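K.L.:
Please see the structure below; I have some questions.
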Amino acid sequence: MLTQVPVSFEKPERGKTGFVALLGRPNTGKSTLLNTLLGRHLAAVSSKPQTTRKRMLGIYNDSDSQILFLDAPGVHNAKLAIGEAMAQSIERVLDDADLVVCLIDPTREPGEEDRMTAELARDCGKPVLLALNKMDLATAAQLQASLEFYQEIMPSAASLSMTATDKASTASLLQQLKALLPEDIFLYDRKNLTDAFERDVAAELIREVLLEELQQEIPHSIAVLVNSWKDDGERIRIDASLILEREAHKRMVIGQEGRMIKKIKRRSIQKISEFCAQKIDLTLFLKVLPNWRKQKHFLKEINLLE
C-alpha cells in the first residue's frame, strides 16, 4: 500500500505589481533611471541618441511591490529598417504596459519627438505619469514649459519632477507608481533582475563602450553579436562579433597600433565582469556587412525586427 505524503505549495507573493513602460524621446534618461532604480547597471547608457535599440525588462523589488519596468527605444522619426525595428519595439512595450511613464528632458526645448512621444502615450489607452527629469539642471521656466507642452496633449496626466541619477530623488516616482498599480501575484522570483539572457546584456554593455569611445555615426553603424558563451564556473569565455557597415570603419575601431580595440575590449570586460560577478575572457571579431541597418532579414536574425 502506498503512503500518501501531503504536498504543500508555497503561497505566491502578492503586492503592488505591473508592467511600467519608460517612454521618451532619445536621451531623456530612461535607461539611466532604470539602472538607478535597480541599483545595477543593466541597460546601456550614453549621451548619444538611439542607445537603446530594443526592449529591456528590469525587475524592481521591495518589501511590498514588484514593478516590471520596460525600457523602450527613444521615440524618433524612423528612416532606416532599424528605425522601423525600434518603432516596433516601442509598440510592443506600450501594448504590454499597465501604465506609462513619459520621461521628459526639460533642458531641451520641446519639439517634434516630444509631440510624437506624448501622442503615443495618449493614444495607447494606459494611465500616464509625466516625469520631468534633470530637475537639478533645468530652470523653473524650462520645467514649466515642458510640462505645459505635454499637458496640452494629455491634460489629465499627473506629473512629478526628479533626477534620474539620484536614487533618493526617484522615491516619489515609486510612490506614485505603487498608488496606480493593482495588487496581484508577483510574476518573477525576487532574485531575478531581468528576463534577458546574460549574453544579451553583455552585448548591450559592449555597445555602451562603443558609444562612449567612438565618434560621430560609427557606433550607431555597429551591431554586437555574442557568438559563444562558455561558463566553467570560474570564468566566462565570450566570443563576440562587431558587425560594421563599411570596411573603412575597421581602421577606426582598431585604432592606431590596435589601441582602440584593446581599450574597447578592456572596458567591455570590466563592465561585463561587474554585471556577472565573474572573471571574463573576451574575444572580439570584426566583420563587415554593408548597410546591415537597412537589411530586414538580418535585423530579424538578430531579433531586432519581427
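Values quoted throughout were computed directly from the atomic coordinates according to the rules given, and no laboratory measurement underlies them. As the structure is a prediction and not an experimental result, all values here were calculated from the model. Note: ideal-geometry Cβ built from the backbone for every residue, glycine included; neighbour counts use all protein chains shown.
K.L.:
Between segment 238-306 and segment 165-192, how many Å separate their Cα centres?
P.N.:
Their Cα centres are 34 Å away from one another.
K.L.:
Right, something else. How high is the relative contact order of the chain, in percent, with contacts defined as C-alpha pairs under 8 Å that are six or more residues apart?
P.N.:
Relative contact order, the chain: 19 percent.
K.L.:
Hey, can you grab everything whose amide H is under 5 Å from the amide H of residue 255? Only 5+ residues off in sequence or another chain; H modelled, so Pro and N-termini drop out.
P.N.:
260, 261
K.L.:
Another question, then. Taking the Cα centre of segment 14-185 as the origin and placing charges on Cβ (Lys, Arg +1; Asp, Glu -1), which of 138, 181, 68 is farthest toward the positive end of the dipole?
P.N.:
68
K.L.:
Which one of 248, 280, 165 has its Cα pushed farthest toward the positive end of the charge dipole of the chain, where Lys and Arg give +1 and Asp and Glu give -1 at the Cβ?
P.N.:
248
K.L.:
Also, quick follow-up: What number does segment 139-276 give for Rg over Rh if you use C-alpha atoms and the Kirkwood radius?
P.N.:
Ratio value, two decimals: 1.10.
K.L.:
Report the convex hull volume per residue for segment 14-185, counting only C-alpha atoms, in Å³.
P.N.:
103
K.L.:
Let me have the 222 nm mean residue ellipticity of the chain computed from DSSP H runs of 4+ only, each contributing -39500 (n - 2.57), with the sum over all residues rounded to the nearest 500.
P.N.:
Using -39500 (n - 2.57) per qualifying helix, the result is -11000 deg cm²/dmol.
K.L.:
Let me ask something additional. Could you list 229, 292 so that the one with the fewest beta carbons within 10 Å of its beta carbon is first and the one with the most is last?
P.N.:
Final ranking by Cβ density, sparse to dense: 229, 292.
K.L.:
So what J values fall out for segment 127-135 if you push phi through Karplus, 6.51 cos²θ - 1.76 cosθ + 1.60 with θ = phi - 60°, rounded to Hz, Gly and Pro as x?
P.N.:
Ordered by residue, 3J(HN,Hα) equals x, 10, 10, 8, 10, 7, 8, 6, 5 Hz.
K.L.:
What is the sum of charges around residue 276, taking Lys and Arg as +1, Asp and Glu as -1, for the other residues whose C-beta is under 14 Å from the C-beta of residue 276?
P.N.:
Neighbourhood net charge equals -1.
K.L.:
Right, something else. Output the direction-averaged projected area (hull surface divided by four) of the convex hull of the alpha-carbon atoms of the chain, in nm².
P.N.:
Taking the Cα atoms of the chain, their convex hull projects to 20.2 nm² on average.
K.L.:
Quick check on packing: order 205-212, 252-259 by the mean number of other C-beta atoms within 10 Å, highest mean leading.
P.N.:
Output ranking for 205-212, 252-259: 205-212, 252-259.
K.L.:
Turning to a different aspect of this structure: With a 10 Å Cβ neighbour count serving as the proxy for reagent exposure, in which order, fewest first, do 201, 100 appear?
P.N.:
Taking fewest neighbouring Cβ atoms as first place, the list is 201, 100.
K.L.:
For the chain, give the share of DSSP beta bridges that are antiparallel, in percent and rounded to the nearest 5; count only bridges with both residues there.
P.N.:
Given both bridge residues lie in the chain, the antiparallel proportion sits at roughly 40 percent.
K.L.:
Note down the magnitude of the dipole of the chain about its Cα centre, charges +1 on Lys and Arg C-beta and -1 on Asp and Glu C-beta and zero elsewhere, to the nearest 20 debye.
P.N.:
Once rounded to the nearest 20, the dipole reads 1140 debye.
K.L.:
Can you work out D for segment 198-301 in µm² s⁻¹ from Stokes-Einstein, where Rh is the Kirkwood radius over C-alpha pairs, the temperature is 10 °C and the viscosity is 1.306 mPa s?
P.N.:
After rounding, the answer is 113 µm²/s.
K.L.:
Amide H of residue 286 versus every other amide H placed in the peptide plane: which residues, excluding those fewer than 5 positions away on the same chain, fall under 5 Å?
P.N.:
For residue 286, the qualifying residues are 242.
K.L.:
So, with +1 on the Cβ of K and R and -1 on the Cβ of D and E, and no other charges, what is the size of the charge dipole of segment 170-234 about its Cα centre, to the nearest 20 debye?
P.N.:
The dipole magnitude comes to about 220 debye.
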